[in-house]
Amino acid sequence: MIEKIEQTAEYIRTRVASLPDTAIILGTGLGALVDHIEDKQFIPYSEIPNFPVSTVEGHSGNLIFGRLGSKPVMAMQGRFHYYEGYDMKEVTFPVRVMKALGIKTLFVSNAAGGMNKEFQVGDIMIITDHINLFPENPLRGKNDPRLGTRFPAMTEAYSHKLIALADEIAAEKNIRVMHGVYVGVTGPTFETPAEYEAYRIMGGDAVGMSTVPEVIVANHAGITVFGVSVITDLGGKDVTEVPTHEEVQKAAQAAQPKMMEIMRELVARAE
Ligand code: HPA
């Protein structure tokens, strides 16, 4: 795998003038954050050797290099989901490439369904921890010690320092932010009322179909992670609204400016 990672990283190095140490993965309905990246250069996934190609509506597949505020960043506009049929190694391949390119901090965002009774549609939830309910772990298989340790700790999968900094920024900007545990599932079905309820009782605050694989690999690779969910729908045994992909996209787009403000400032202040 390391040869493939190196080949892809080498290709990207030939395409961009300078490499950032910060990466951002943009979730469903949150791709417009790219509009705030300046002096940007797009590399379509289809042009990148060994990269899978994004298939879902609402996810255009581009790697973007530019500046967010004064900070050089790379962004993934569109990610690879397990439910699309990619295996875990494909889903997380871009994170391996990020590491090879020198990325030190990864900001991930996603759209998620809220189980926490305090949550409202449009809320921003800073991810404090996650529960992996995917049927496998991206690190399953032979471990290459050049990529990371066999048994990585996941005690601080989401940087406490960045969470504290994000809280500070949200308070300064008067943006309501919630904290919570993200439950990662395969989808593509949304949850049954009983599943939302089960995940809540289990300790989850929001549920979604991404993020967990990438965050596991980022931790394995020694990349510091900050994650944020936009709550696009609410689920539970008393909730009768039926979530749709269109609604999820719309709610994410509506909350995007808030998330953008926090992200931009966080990227600027994180060292
Ligand atoms: N469940 C799973 N994934 C999601 C949801 C949800 O309710 N909302 C957005 N992504």
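Scan (1) assigned to a strand (DSSP E or B); (2) within 14 Å of the ligand (Cβ to nearest atom); (3) within 19 Å of Thr92 (Cα to Cα) for the single condition Asp129 breaks and write down its number.
(2)
When residues of the range 177-187 are filtered for being at pLDDT 95 or above and either more than 16 Å from the ligand (Cβ to nearest atom) or part of a loop (DSSP other than H, G, I, E, B) (or both), how many remain?
Residues meeting the conditions: 4.
Mind telling me which of the residues Ala112, Ala100 ends up being away from the ligand (no atom under 16 Å from the Cβ), hydrophobic (A, V, I, L, M, F, W, C) and outside any loop (DSSP other than H, G, I, E, B)?
Going through Ala112, Ala100 in turn, just one is away from the ligand (no atom under 16 Å from the Cβ), hydrophobic (A, V, I, L, M, F, W, C) and outside any loop (DSSP other than H, G, I, E, B): Ala100.
Pairs please, first residue from the range 177-197 and free of Cβ contacts under 8 Å to residues at least 40 places away in the same chain, second anywhere and not polar (S, T, N, Q), Cβ atoms under 6 Å, 6+ apart in sequence or on different chains.
Hits for this filter: zero, empty list.
Among the numbered criteria (1) within 20 Å of His81 (Cβ to Cβ); (2) of a type in the set (A, V, I, L, M); (3) within 15 Å of the ligand (Cβ to nearest atom), which one does Ala157 miss?
(3)
Determine which member of the set Ile25, Ile37 is open to solvent by less than 10 Å² (accessible area, probe 1.4 Å) and within 14 Å of the chain's Cα centre (by Cα).
Criteria check complete, one pass: Ile25.
Please pick out the residue among Ile103, Ile169 that is at pLDDT 95 or above, out of contact with any Cys (no Cβ under 9 Å at 6 or more places or on another chain), under 29 Å from Arg200 (Cβ atoms) and not charged (D, E, K, R).
Ile169
Filter the range 198-209 for residues that are within 25 Å of Gly85 (Cα to Cα) and open to solvent by 10 Å² or more (accessible area, probe 1.4 Å); which is nearest to the chain's Cα centre (by Cα)?
Ranking the qualifying residues of the range 198-209, first place goes to Met209.
Looking for something closer than 23 Å to Gly113 by Cβ and of a type in the set (Lys, Arg) - is there at least one such residue anywhere in the range 168-187?
Yes, the conditions are met somewhere in the range 168-187.
Out of all the residues in the range 160-196, which are among the hydroxyl-bearing types (Ser, Thr, Tyr) and crowded, with 18+ Cβ neighbours inside 10 Å?
Result: Tyr182, Tyr196.
Just to be sure before I move on: is Ala254 more than 10 Å from the ligand (Cβ to nearest atom), closer than 23 Å to Pro94 by Cα and either open to solvent by less than 20 Å² (accessible area, probe 1.4 Å) or not in a loop (DSSP other than H, G, I, E, B) (or both) in the structure I sent?
When the stated conditions are applied, Ala254 does not pass them.
Any chance you could count how many residues in the range 200-251 are assigned to a helix (DSSP H, G or I) and more than 8 Å from the ligand (Cβ to nearest atom)?
Residues in the range 200-251 being assigned to a helix (DSSP H, G or I) and more than 8 Å from the ligand (Cβ to nearest atom): 18 in total.
One line per residue, one yes/no per condition, for (1) open to solvent by 30 Å² or more (accessible area, probe 1.4 Å); (2) under 16 Å from the mean Cα position of the chain (by Cα):
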| position | (1), (2) |
| --- | --- |
| Met76 | no, yes |
| Tyr82 | yes, yes |
| Pro94 | no, yes |
| Lys104 | yes, yes |
| Pro145 | yes, no |
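Can you tell me which residue is modelled with the highest pLDDT among those in the range 35-85 that are touching a Ser or Thr at 6+ places or on another chain (Cβ under 9 Å) and among the β-branched types (Val, Ile, Thr)?
Step by step, filter the range 35-85, then rank; the result is Val73.
The values are calculated or read from the model by the stated rules, or taken from the named source; none is laboratory data. Because the structure is a prediction, the values reported are computed rather than measured. All Cβ positions, glycine included, derive from the backbone under ideal geometry; neighbour counts span all protein chains shown. Calculation scope for accessible area: heavy atoms of the full protein, side chains included, ligands and nucleic acids excluded. Shrake-Rupley method; radii C 1.70, N 1.55, O 1.52, S 1.80 Å.
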